[in-house]
Amino acid sequence: MAAFDGPPHQHHMTHPKENTLSAHKPFTPPPAASRHLMSGNEAIARAVWDAGVAVAAAYPGTPSTEILENAARYPDLYTEWSVNEKVSLEVAIGASVAGARSFCAMKHVGLNVAADALMTLTLTGVVGGLVIAVADDVGFSSSQNEQDSRFWGRFAHLPILEPADSQEAYAMTCAAFELSEKFETPVILRLTTRVCHVKCLVEVGERNVQRAATGFNKNPSRWVMVPANAQRRMPLMFARDKALAAEAETSALNRIEAGADRRVGFITSGPAYMHVREAFPDAPVLKLGFSHPAPMGKIRELAAQVDALVVVEETEQLLETEIRAAGIAVRGKDILPAFGELPPPVLKKGLAALLPELAAQGDGKTAPAALPVFPRPPTMCVACPHLGVYYTLSQLKNVTIAGDIGCYTLGAGHPWNALDTTICMGASMGMALGLDKGRGPDDEKKKIVAVIGDSTFMHMGMQGLLDIAYNRGNVTVLLLDNRTVGMTGGQDNPASGRDIHGEEAPRIDFARLVEALGIAPEHIRVVDPYVLPVLFKTLREETKYDGPSVIITNRPCVLIDEYEKQPSYEVIETACTGCGNCVEIGCPAIHVTRREKAVKPSGKEVELAFVNIETAACTGCGLCLQPCAPDAIRAAKPTFPVTFS
């Protein structure tokens, strides 16, 4: 998931069984020719099954995660959580080469990881239809950047389909497989968070059970991409570009919708189309479902009908640039924002430059007063095994900490402030090595620590650790094994010992794995993250070692079935001195009830924080007991349900 894999806010309030589908439960697919309330992700999963797909693979990443979770519930369809997006695409390519229809899904930054395979696949083409669903996180709801995956269509010479809602997500997924096989090309289904997660009524069709794999036919000149063979495939790719451009002009997925108000005409795609229609119901619109190659003939047709032409695209100035290059006058990012979603208020504010009545409605600078909302900063779950890790790191002095992508990225926040860098999945390894090798004069005595989770380590961290070992980096790696992909809702991975269906699978032994990657056995330590003195001692010892070392934590995520809840704790109010040490753990179950100023015997003024523990939320991990100076925390007294006669 080459990214933040889910919204961190309110994460501690949910359980995977509440916010993700269980692929392990019995499931009967909805009947054909029936309507159901579906999110875009659910609709795509159904379309994958209806299209007769044989193999579907993905790596979880918000907002695309639920596609494969739903697909895994359908019968006669092989599904897998792959270790990263590149592997998921390669699995799909292998199935396609064997003649089967295949599918893979990922979030926008995941396609960066899969790009190596993608850029050669554009030359080989496909046999069985292959569709790649890429979910862009427009608006940064859960990602470290907001890239526009439409660029991949241009870069890789591939067609792009862009649904605007769940019904179109279903229909365009089915159409994408037909298009893929007609032109022997992979097809990108470009989604956004709004399409993935918003629900509407979807009419589903019949399953294509007639489609069967043809088997692999050896053809080294096509499938062995040495330079000479790849060079011979180039003219075929460019010929395909021309054929796809002609297809886009006649495709029913691209349509001009007439409008009575011809002062401004709009070109748009995806959920931005919905916003345009809501804001300007009487305007002519060219709705692009098959958005690349751009149908320049249809664009010229609309341009001839209106006084001004405006491109509404999320997010980059991509189509606008192509239209201008074709010699067509067009407006776009000169009046509309270059990032984020484009809802009706934003559109109306931008179009005030062309439509005087919108300017008369106001300058858009005066916003209504925001409603008072209790601040809820992102935080980790109650009793999360990462809490003790970050509390300990926050106590270390003279240390630089390279972070990574996952729940534990929240360690950068209050009260720990225990991450110094976070770039992308697996980057903690290479960055830690670079921080070590690039030390300045003031950094010579600094200790370098890298923090990475189990799923991220398997996704893209193993190579980095190998590099640290090979190049003798003076780096201590904290490998946080919580046996799940926590940020996206608790999906299984090779560390959990279960596959996507909940069936038993080989479970990775991280200690043996990191030893195989070159770490000396005596510097591989497995610790309980709930035992703070041992954790602190181990960190001090390994950061003093002049070489690579790995500390592996061994407690499961509190949101998976493996976690065993213990009796909760409570604060003895009369014993609490307000030292605030327990607050520094960062557990959401601990609440500050009041703060007071006090003066130490030395004359220094300090702030005291008196607390209580929300016993209903506390799971008894015991982290807060260990730093409590006055021993003011004890096992909570049992409560009994009240009954009424």
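Which whole number in µm²/s is D for the range 254-358 by Stokes-Einstein, with the Kirkwood Rh taken over Cα pairs at 4 °C and 1.567 mPa s?
Estimated diffusion coefficient is 97 µm²/s.
Looking at the square roots a ≥ b ≥ c of the eigenvalues of the Cα gyration tensor of the range 569-635, which shape do they give, rounded for a/c under 1.5, prolate if a/b is larger than b/c, or oblate?
prolate
Given points 7 Å out from each Cα along the Cα-Cβ axis, report the F155 to D631 separation in nanometres with one decimal.
The answer from the label model is 6.1 nm.
Assign unit charges at the C-beta atoms only (+1 for Lys and Arg, -1 for Asp and Glu), then state the dipole size of the chain relative to its Cα centre in Debye, rounded to the nearest 20.
I would put it at about 420 debye.
Take the alpha-carbon positions of the chain, form their convex hull, and give its projected area averaged over all directions (one quarter of the hull surface) in nm².
So the mean shadow area of the Cα hull is 37.0 nm².
Tell me the relative contact order for the range 29-205 as a rounded percent, counting alpha carbon contacts under 8 Å between residues six or more apart.
Value for the range 29-205: 31 percent.
Points 7 angstrom from Cα along the Cβ direction at A520 and T120: gap in nanometres?
3.8 nm
Considering only DSSP beta bridges where both residues belong to the chain, give the percentage that are antiparallel (nearest 5).
Counting DSSP beta bridges with both partners in the chain, the antiparallel share is about 35 percent.
For the ranges 523-532, 502-511, 416-425, 44-53, what's the packing order if you count other beta-carbon atoms within 10 Å of each residue, average per peptide, and put the highest first?
44-53, 416-425, 523-532, 502-511
Among the lysines, which fall within straight-line cross-link reach of K333, defined as a Cα-Cα distance under 22 Å, with same-chain neighbours fewer than 8 residues apart omitted?
Once the sequence-local lysines are set aside, what remains near K333 is K287, K298, K348, K349, K365.
Counting only C-alpha contacts under 8 Å and six or more residues apart, can you give the relative contact order of the range 418-569 as a whole percent?
Result for the range 418-569 is 24 percent.
Given a Förster distance of 35 Å, report the FRET efficiency between R255 and A228 from their Cβ-Cβ distance, rounded to the nearest 0.05.
0.20
If you consider only alpha-carbon coordinates, what radius of gyration and Dmax does the range 130-239 have, in Å?
Answer for the range 130-239, Rg first and Dmax second: 17.1, 50 Å.
Please enumerate, by chain and number, the lysines with C-alpha under 25 Å from the C-alpha of K445, excluding those fewer than 8 residues away in the same chain.
Answer for K445, where 25 Å is the Cα cut-off: K397, K437, K537, K544, listed by chain and number.
Which of the peptides 347-360, 601-614 is most tightly packed, and how do the rest follow, judged by the mean count of other Cβ atoms within 10 Å per residue?
Output ranking for 347-360, 601-614: 347-360, 601-614.
Determine, from the Cβ-Cβ distance of L236 and L466 and an R0 of 30 Å, the FRET efficiency 1/(1 + (r/R0)^6), rounded to the nearest 0.05.
With R0 = 30 Å, the Cβ-Cβ based efficiency is 0.20.
Take each of the peptides 292-300, 441-449, average the number of other beta-carbon atoms within 10 Å over its residues, and list them starting from the highest.
Going by the mean number of other Cβ atoms within 10 Å, highest first, we get 292-300, 441-449.
Averaging sequence separations of C-alpha pairs under 8 Å and six or more residues apart, then dividing by the length of the chain, give the relative contact order as a whole percent.
Across the chain, relative contact order equals 12 percent.
Subtracting the Cα-Cα distance from 0.36 nm times the residue separation, let me have the gained length for E301 to Q361 in nm, one decimal.
My answer for the length gained is 18.4 nm.
Read-outs: derived from the displayed coordinates by stated rules, not from any lab. None of the values given here were measured: they were computed from a predicted structure. All Cβ positions, glycine included, derive from the backbone under ideal geometry; neighbour counts span all protein chains shown.
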